[in-house]
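Some notes on the structure that comes next.
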């Protein structure tokens, strides 16, 4: 019945309310006379017209006060105040009309009785309808099934956001708030909206007592470090944890249920973002012609987004993948965005583009980055990562490009895989070219894993949890650094602006993360339990599948200990050995010949010769080898 009414048009709903009010007002007046006189009374003559004409007085008043415009489901204090004002004015005017018409038989106390009963019934009816629509009364009459109908949730944070969230939850059929948690001793033991405020101490007992299935963290102003502390408190319990985003991410206005999201890896990192230096952000970009190679990749596409925002005069999207180029072009398409298909190894193509558009800054993000894929395709990995970088750099020099910034990786430090070795050679190449000429300022920025990038382990874990497991972890002791794409790109842009020629910058990645611990936290915070020998009834199993070709247990950001600070707290300048161009070029020529001859053994030997720290973790795994 209720669902049929809610599906009616707005006009039909208003008409039903008007008809109900009209009938109920007449009934209230008849009841008022009967209560006053002490017996059932039915009027005659002129008094009959005064009573049955009451809806004609009430309808325009109720309409003027918005009683038929307001949405009953979301009725609040202002709506109740409007009802009181409208009913009071109606009762007063009806009394005045009755007395001025000199109708006999109207006791003065009837006006007061009529006012009181009308307030109770007109207002009460709307409140009951509101509760029915929001499911509260249905749940009251179905107490035995409450847990099935609505999830019991605790709100962590009894501030403004928490209170607004509890109000928003009243309008849902999915969640039922059963209490608040707050660290303030002054608030603990008090009540808000009928919900008790608890301490975070003995939270396990609290979760069991209240049958809680989810905890909602509603403290948008909290630091990431503090948020991580709270998440760690909850991580060992099989409850889903959701959080409100930061203050800057919530639009002005009331907090809504849609603002909540499940705890993600960013929340687990507990890393507070340092405010960027606007001068460094704009130095190589504002008003300049900027080209991004690998523009369709994870890092490249985020670079493009931020470059557009920072005010480049033109943005050249250089990408080898047609599909990736199409997607980023569709996202950013405008008068100042130009999509160019091409390989970075094609120097002639790169030079033509630089001359045509007058490119002033290049961010070189094009690279093959997936470690096992490069191991299976050694020659292509070296061609793209080493010679693609070399050709782009030479094109930049020939076209007098002002700044060239290479996106490097922590895998370039003491590499154990071909991909890392190629990125280290790319760094050495740019360092040697920086010493050889002064047309272009070369800079390299080295950092670790980027969350949700292509090949990242995080989306894989999320998908495996959604599918019911198992989660696959390569090794129990494997450790990685993580940073968000937005923050890493922001730091890359700032670091590139500091480059004077041949600089290697290293980003402060924070604390390393054990992948095994990360997997376990992701399981727990999804409201599930790890299935193992200690808990055979758990939900998600973790399987250890062994290190993949070229993979190592931990990554490093520095080759040596010689590092200096910069103007940015999270950016360091590494002071590392380099190879002069005259010494490097002959080896690169031999490397090129090895690729052309598909000589994988020679290729491996030359990689080790250029990068003595390269200690291959696996035998040659190229699929075309032998």
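Assorted remarks:
- Placing pseudo-labels 7 Å out from each Cα toward the beta carbon at residue 370 and residue 44 gives an inter-label distance of 9.5 nm.
- Helix 298-310 axis, angle to the chain major axis (alpha carbon atoms, nearest 10°): 70
- Rounded, prolate or oblate (a/c below 1.5 giving rounded, otherwise prolate when a/b exceeds b/c) for the stretch 315-387 by Cα gyration tensor: oblate
- Rounded if a/c under 1.5, otherwise prolate or oblate - the stretch 277-362, Cα gyration tensor axes: oblate
- Inter-site label distance for residue 204 and residue 598 at 7 Å from Cα along Cβ, in nm: 6.2
- Sequence-distant contacts, meaning Cα pairs under 8 Å at least 6 residues apart, place the relative contact order of the chain at 10 percent.
- Peptide ranges 349-356, 611-618 listed from the most packed, as the mean C-beta count within 10 angstrom indicates: 349-356, 611-618
- In this rough spin-label picture, where each label sits 7 Å from Cα along the Cβ direction, the residue 313-residue 167 distance is 5.1 nm.
- Computed helical MRE - 222 nm, the chain, DSSP H runs ≥ 4 contributing -39500 (n - 2.57), nearest 500: -14000 deg cm²/dmol
- Contour minus Cα-Cα distance for residue 537 and residue 326 (0.36 nm per residue): 71.3 nm
- Length gained on full extension, residue 547 to residue 580: 8.3 nm, using 0.36 nm per residue less the C-alpha separation.
- Difference of contour (0.36 nm per residue) and Cα-Cα distance, residue 19 to residue 587: 195.3 nm
- Scattering from the chain was approximated by placing one identical point on each alpha carbon and applying the Debye formula without solvent; log10 I(q)/I(0) at 0.07, 0.12 1/Å stands at -0.63, -1.19.
- Helix 581-596 vs. the chain, principal-axis angle (Cα, 0 to 90°, nearest 10): 80
- Note on the stretch 377-428 and the stretch 493-520: Cα centroid distance 17 Å, given to the nearest whole angstrom.
- Packing, as the average of other Cβ atoms within 10 Å across residues, places the peptides 405-414, 525-534 in the order 405-414, 525-534, highest first.
- DSSP bridge orientation in the chain - percent antiparallel, rounded to nearest 5: 25
- On Cα atoms only, tilt of 160-169 relative to the major axis of the chain in degrees: 70
- Nearest-0.05 FRET efficiency for residue 466 and residue 336, computed from C-beta distance (R0 41 Å): 0.55
Every read-out reported here was derived from the displayed coordinates using simple, explicitly stated rules and does not represent laboratory data. Keep in mind that this is a model prediction, so the values were computed, not measured. Positions of Cβ are generated from backbone atoms using ideal geometry, with glycine treated the same way; all protein chains shown enter the neighbour counts.
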